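Before any comments, here is the structure.
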């Protein structure tokens, strides 16, 4: 199977290369970068020397690249994937967008939060969070890979919402990300002296992952869900820890909460249930496609608190994209992703 990556020089693109390199069913056909066209990948990422010394191409002739591919990964900021996908809509390939263009069933929500007109609203697409949308991913031509914060948050809350155990207007999410989530391009806020030895919130009440979380939870529970979501930046390179709060409905027992997580995820290889009372950590999932979940119940406030840990570049981006590819092409879902976490 031939896979190509548009936007291979970013962190998500580089992580895709790392994962696809060991995939038993995939050969990488094309790697593009507009900023670094003509440069070798190993010059940008020296750890890939003698592994991937490929020269980066321009995506100017994207139809040629798409025509020589079975699957096209697009690892670019929002607004680009829909233009590319529309331009190659007549070609027989699957497209996996790691950006936001195809994440929303209602493109007006995308337009309201991203302030970009959607030009491919009628595309055959699925939301790419495999544990909740596996059958849709299997059939769709375009897969809108779930976001990093959203993956951690949705997987933490979906069992509770689906089983109708929590009040849908009581959900709060505080999520902390490593700085690689901001991308590779230099910014003042992620400049080493600015973020090192510091911890800060940002994007309160306005972060674009909010409606994405609400959409998936509404699908899970069959009714509208409203949340408060606040992201934070931590001085670590990768990882997300989401702390999710919700008020339990009257009469709900701790055992029902335990059962809801078991019922939803007992057969999910990439979801590791740490159980009631545990504390997941980003270090335990580093470099892997795992999501570690644990929950606590406060009898005084009648709140359930769910902790969710993922690697933002793997389960939150490239690993999830590979998992979606495996599903779409009928491959073993674990192919290329059966990784042991790096520790310490």
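Any read-out appearing in this document is the output of simple, stated calculations on the displayed coordinates, not a laboratory observation. Just so it is clear, the structure is predicted and the values come from calculations on it, not from any experiment. Cβ placement follows ideal geometry from the backbone for every residue including glycine, while neighbour counts extend to all protein chains displayed.
Rounded to the nearest 10 degrees, the angle from helix 130-139 to the longest Cα principal axis of the chain is 40 degrees. Computed over the Cα atoms of the chain, pair by distinct pair, the Kirkwood hydrodynamic radius stands at 20.4 angstrom.
Once a ≥ b ≥ c are taken as the square roots of the eigenvalues of the Cα gyration tensor of region 2-123, is the result rounded (a/c under 1.5), prolate (a/b larger than b/c) or oblate (a/b not larger than b/c)? Mind showing how you got there, number by number?
Numbers: a/c = 2.03, a/b = 1.71, b/c = 1.19.
In terms of gyration-tensor shape, prolate.
For the listed peptides 77-90, 148-161, 169-182, 46-59, a ranking on the average number of other beta carbons within 10 Å per residue, highest first, reads 148-161, 169-182, 77-90, 46-59. Using the alpha-carbon atoms, what tilt in degrees (0 to 90, nearest 10) does helix 148-162 show relative to the longest principal axis of the chain? Tilt relative to the chain: about 40 degrees. First check a/c for region 259-314, with a ≥ b ≥ c the square roots of the eigenvalues of its C-alpha gyration tensor; if it is under 1.5, answer rounded, and if not, answer prolate when a/b is larger than b/c or oblate otherwise. Oblate is the answer for region 259-314, as a/c is 1.5 or above yet b/c matches or exceeds a/b. How tilted is helix 11-21 with respect to the longest principal axis of the chain? Cα atoms for both, answer in degrees (0 to 90, nearest 10). Compared with the principal axis, the helix lies near 80 degrees.
For the chain, modelled as a GNM whose springs connect Cα atoms under 10 angstrom apart, the maximal fluctuation among 242, 218, 309 occurs at 218. With a simple spin-label model that places each label point 7 Å from the Cα along the Cα-to-Cβ direction, the separation between residue 278 and residue 182 comes to 3.2 nm.
Label separation (residue 192 vs residue 134): 4.4 nm, computed from points 7 Å beyond Cα along the C-beta direction. Take the Cα of residue 86, step 7 Å toward its Cβ, do the same at residue 55, and the gap between the two points is 3.3 nm. For the residues 112, 216, 163, a GNM of the chain with alpha-carbon springs under 10 Å puts the largest fluctuation on 112.
Which shape class applies to region 170-280: rounded if a/c is under 1.5, otherwise prolate when a/b exceeds b/c and oblate if not, where a ≥ b ≥ c are the square roots of the Cα gyration tensor eigenvalues? Prolate is the answer for region 170-280, as a/c is 1.5 or above and a/b outweighs b/c.
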